[in-house]
Amino acid sequence: MTDAQLQEIYTLPRARTNPVAVAEAEALFDLPFNDLLFRAQTVHRAHFDANQVQLSTLLSIKTGGCAEDCGYCPQAARYHTGVKNEALLPLEDVLTAARTARENGATRFCMGAAWRGPKQKDLQPVLEMIKAVRELGLETCATLGMLQEGQAGQLKQAGLDYYNHNLDTAPEFYGEIVSTRDYQDRLDTLEQVRAADIKVCCGGIVGMGETRRARAGLIAQLANLDPQPESVPINNLVQVEGTPLYGAEPLDPLEFVRTVAVARIMLPRSRVRLSAGREHMPEAVQALCFLAGANSIFYGDKLLTTGNPQAQQDRALLEKLGIRPV
Ligand code: SAM
Ligand code: DTB
Ligand code: SF4
């Protein structure tokens, strides 16, 4: 891709990133590992208690059968991954899961649906779920896909605290991963979420065969959202057989740690979440991610359709590191 093409991609109407910010992120990635981690830890301590990690529990409220073609996703109908389709869960099932999450010490409950976006008839029962989960004293988060005009306002009214909608990767790599919605669609949804005064949870996935420059591009793009997202999930691709990205070259764990560190430095006030990909991540690598400034995790035995470390195992890890869960 030429510099002119890159310039064009990064100046989409609502994409505020310019190549200078990408270069800044790239320069951070290129630092010696210890210098990068020292800088990240310094920024981290200036804005957060360094021994505290926020716990969010996920629940898939509608599973599989999705019409989109996201190349990483086991829930896309067009890939044959063995995920069992499930209609929208009844309110009682959601509440049972939320109560368990609360008892286990989670403070936020994130409800995910395998939709391109919610139809109006789908939204109503989700609004009931949000209200009921909030009444349990949990923070609420939802990830339902693209939002249409007016839907963010309804979510806000129901008591939604956070909306998760990821940019996934850098604009120049995005077209190789997803074709059924474009980057601008994602930025538009994020703008609707902001306008409705819901906190933004927005991050991406690494380990999809992208270059370091693309990882820098993703972080720069996130950092240039104005205001910056309150919550930034950094996912390491969970490779699921049947998806196009199955068999991609796995990312070097130290490069994953670097990605977390660059996110911490460029998004100093955001909670950076060490997200998908922890199930098979050695504890020492997770500890390095916390040192690099990660201060949130998905907590609970399952993500949406794939595994996550057992809650008990996570509590033991945090205890070993002297990290307080919040
Ligand atoms: N369907 C909605 C959407 O795509 O906006 C919401 C749910 S979707 C599963 C939420 C996010 O999960 C995706 O944007 C992607 O970043 C992440 N994700 C999905 N599959 C993943 C995988 N195999 N590994 C890592 N992250 C994944
Ligand atoms: C996010 O950034 N990661 C979560 C959440 N937001 C919705 C999802 C991870 C999904 C991993 C694959 C699965 O379990 O289906
Ligand atoms: Fe559908 Fe979301 Fe999966 Fe994409 S990431 S295929 S939109 S469930």
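Positive-end ranking of Ser179, Leu245, Thr189 along the dipole of segment 177-286, with charges on Cβ about the Cα centre, is headed by Thr189. For the chain, the number of Lys pairs separated by eight or more positions or lying on different chains, with C-alpha atoms closer than 15 Å, is 7.
Once you charge only the Cβ atoms, +1 for Lys and Arg and -1 for Asp and Glu, what is the size of the charge dipole of the chain about its Cα centre, to the nearest 20 debye?
740 debye
The charge dipole of segment 86-221, taken about its Cα centre with unit charges on the Cβ of Lys, Arg, Asp and Glu (plus for the first two, minus for the last two), comes to roughly 220 debye. When only Cα pairs below 8 angstrom with a gap of at least 6 residues are kept, segment 42-186 shows a relative contact order of 24 percent.
Quote the charge dipole size of segment 147-253 about the Cα centre in Debye, to the nearest 20; the model charges only the Cβ of Lys and Arg (+1) and of Asp and Glu (-1). Don't skip to the end; give the middle numbers.
Details: 8 positive and 16 negative charges, 36 e Å.
Result for segment 147-253 is approximately 180 debye, rounded to the nearest 20.
With K and R counted +1 and D and E -1, the other residues having a Cβ less than 13 Å from that of Pro32 yield a net charge of 0.
Isolated cysteines of the chain, defined as having no other cysteine beta carbon under 4.7 Å away, are Cys66, Cys201, Cys202, Cys289.
For the chain, what is the relative contact order in percent, using Cα pairs closer than 8 Å and at least 6 residues apart in sequence? That works out to 24 percent.
In deg cm²/dmol, rounded to 500, what helix-only [θ] at 222 nm does the chain give when every DSSP H run of at least 4 residues adds -39500 (n - 2.57) and the total is split over its residues?
On the way: 12 runs with 133 residues, N = 326.
Roughly -12500 deg cm²/dmol at 222 nm, from the helical runs in the chain.
The residue list Leu28, Ser60, Ala311 was ranked by how far each Cα lies along the charge dipole of the chain toward its positive end, using unit charges on Cβ atoms, and Ala311 comes out on top.
Each reported figure results from applying straightforward, stated rules to the coordinates on display, with no laboratory input. Here the structure is a predicted model, which means the values were calculated and not measured. Every residue, glycine as well, gets a Cβ built from its backbone with ideal geometry; the counts of neighbours run over all protein chains shown.
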